[in-house]
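Comments concern the structure below.
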């Protein structure tokens, strides 16, 4: 169980140290100054624990290295005592380099750096950083920490920042990966609330990750498994989802062999775009001994090719057994839109829509939310059904469920997912589950190898009430999902039966026809209306023909220079010819001109027009798809006749079905509104409460 009081206290201590940076660094720079130092200390804590173990091993083999023996040697011969101590330190370093995945070749620690001369802090600290193994060097470089050291020295703050963490226990035995994640999230929120909101990042609570892992029903028995299972997260952040997913599987092991099996056969793969988060993730994987973890740095949504300067998807072409992710909510990807569009013909083809102005060219919209791009990235990495298929658990806010109209990108992605029978289940989660936001979220479970009883069916589980209040709120996280709540969700999923909180849908239940309808408006007496309005388009044959195709015949009141005249246009004779004939009769100077010359003259004159036509309304109707109907045209005609009381002139269906998922609608329950007497009573109670408060304030 996470001790939130302890984590809050730890965060407060670090925050107090951060306050000392004010005046020297901007708030947005705090994470770049403090978080890497915390990570360096966390790495050092692991090394210190291992050095203590190595020391015990060395002493057990040669008791001359025992602390008491060395102390006695110091008392007899200080020089020999120093030599013996140096030899012990050297042997420990040899063990460290040979047996650990990461190490530091120097004898420095953060504490000893501070104990040395204050004038040597920078040199000693840089020497300490340079002594790390290559894999830790990469992490330090991703933090760009050497450059930050220069700035800290210039502002005379390096010693203070080292002192902030030098004796703090950040080891994994005290703070798990998930707990460390909470501390990072808490600090990031305090450092810069606006930046945290803009990145759309929300650290996923352990209990939600455990539910997502449960719902994927990973086919892995820790005690008997012999085949490796691959897990992937395209937006892995600091690695919490991958780590907790594996930890959850380890918890199911019953023997040391089962634990070892899980450690060895569950392979973690992930990518993270933000260098700082990547560095934290990479460091924690190393700390926990995840030597097989394949964590890469780059943007999962774009191709990894030479023509693009930024690192792209380095897992391209790979396939994974299970995928789990909480991609950023509502992140703007317009800065790399051109890179994303390089994958329109492959990965993002389901969401590609034709550019209206460029026939045959396609785009993806909107650029202010990349959630569904992450899902398409994961779908591309699903193993084919012939090889067992893959499952996906992804956490979304409400936008991917219904944003976008028929034929628009979001609807097209949903159409692809549903028509290919990939969507298995959606779980409606409680609100106030995240540190940074109180919004409602949804777990989507996808599979390309659904069992027979789930084919062409989607289960939606309403788990909004499956939580209890946190004993102590943690930011916006005021609710928690207990083991009882988790078991309830798992049981609903496993039983696959409809009840008050679970509903099953055929994949076409989410589909609708979008139909553009033109009908003749009527007045209050039921008479079909005509309307006179300005003709705002250029007055020529083509534009008049378009209006005729819509309204039928109409009358135009045309003013050319100072001349007014009326033309009835019935579509049989070109409009400009009708105008030229009238001009020929009414303008003396044009009397002997040819019609073509009059038309040319007309084009160069100042002219305005109004036109009197039938009052047609053009509107869109959304018609539920009915898979039992065999005559679509008759079905749509019947629906429109029922819904529209006016004369329907014509209708045109959009070329593709739209798809939307509306969980709140499916579980809506009508509540009788309060009576007016009750509302008035509540109003006066509030009025009295407000009056009492004002009186208390006046009495102060």
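The selection criterion, being in a helix (DSSP H, G or I) and either out of contact with any strand residue (DSSP E or B) (no Cβ under 9 Å at 6 or more places or on another chain) or farther than 27 Å from residue 7 by Cβ (or both), does not hold for residue 171. Taking the range 311-333 as the range and being at pLDDT below 90 and surrounded by fewer than 16 Cβ atoms within 10 Å (Cβ to Cβ) as the test, the residues that pass are 330, 332. In the range 146-168, what residues are over 37 Å from the mean Cα position of the chain (by Cα), surrounded by fewer than 14 Cβ atoms within 10 Å (Cβ to Cβ) and in a helix (DSSP H, G or I)? Listed by number, the list holds a single entry, 154. In the range 473-488 there is no residue matching the filter, namely being closer than 16 Å to residue 662 by Cβ and within 22 Å of the chain's Cα centre (by Cα).
Of all residues in the range 473-508, those satisfying the criterion of being within 24 Å of residue 402 (Cβ to Cβ), in a helix (DSSP H, G or I) and touching a strand residue (DSSP E or B) at 6+ places or on another chain (Cβ under 8 Å) are 489, 492, 493, 507. Taking the range 342-434 and the helices (runs of 4 or more DSSP H) fully enclosed by it, the elements with 3 or more residues that are in contact with a helix residue (DSSP H, G or I) (Cβ under 6 Å, 6 or more places away or on another chain) and assigned by TED's automatic domain parsing to the domain that holds residue 227 are at 409-419.
Restricting the range 130-145 to residues that are outside any loop (DSSP other than H, G, I, E, B) and farther than 20 Å from residue 30 by Cα, the residue that is nearest to the chain's Cα centre (by Cα) is 138. The sole residue among 573, 555, 610, 577 that is exposed (fewer than 13 other Cβ atoms within 10 Å of the Cβ) and either under 55 Å from the mean Cα position of the chain (by Cα) or modelled with pLDDT of 90 or more (or both) is 573. The number of residues in the range 375-394 that are surrounded by 16 or more Cβ atoms within 10 Å (Cβ to Cβ) and modelled with pLDDT under 95 comes to 0. Residue check: residue 458 meets all listed conditions (1) closer than 14 Å to residue 429 by Cα; (2) at pLDDT 90 or above; (3) not in a helix (DSSP H, G or I) but one, namely (1).
Conditions tested, residue by residue: (1) part of a helix (DSSP H, G or I); (2) surrounded by fewer than 19 Cβ atoms within 10 Å (Cβ to Cβ); (3) in contact with a helix residue (DSSP H, G or I) (Cβ under 8 Å, 6 or more places away or on another chain); (4) at pLDDT 85 or above.
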position	(1), (2), (3), (4)
175	no, no, yes, no
182	yes, no, yes, no
223	no, yes, yes, yes
238	no, no, yes, no
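So which of 656, 629, 696, 621 is over 27 Å from residue 457 (Cα atoms) and either in a helix (DSSP H, G or I) or in contact with a helix residue (DSSP H, G or I) (Cβ under 7 Å, 6 or more places away or on another chain) (or both)? After ruling out the rest, the residue left standing is 696. Looking across the range 633-648, the residues that are surrounded by 13 or more Cβ atoms within 10 Å (Cβ to Cβ) and either in contact (Cβ under 8 Å) with a residue 60 or more places away in the chain or within 20 Å of residue 405 (Cβ to Cβ) (or both) come down to 636, 639, 640, 644, 646, 647, 648.
Residue by residue, here is whether (1) farther than 27 Å from residue 171 by Cβ; (2) over 23 Å from the mean Cα position of the chain (by Cα); (3) in the same structural domain as residue 141 (by TED's automatic domain parsing) holds:
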| site | (1), (2), (3) |
| --- | --- |
| 283 | no, yes, no |
| 292 | no, yes, no |
| 295 | no, no, no |
| 299 | yes, no, no |
| 302 | yes, no, no |
| 306 | yes, yes, no |
| 312 | yes, no, no |
| 328 | yes, no, no |
| 332 | yes, no, no |
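Residues in the range 659-690 that are assigned to a helix (DSSP H, G or I) and either at positive phi or in contact with a strand residue (DSSP E or B) (Cβ under 7 Å, 6 or more places away or on another chain) (or both): 663, 666.
The values are calculated or read from the model by the stated rules, or taken from the named source; none is laboratory data. Note that this is a predicted model, so its numbers are computed, not measured. Quick reminder, even Gly has a Cβ in these numbers, built from the backbone with ideal geometry, and neighbours come from all protein chains shown.
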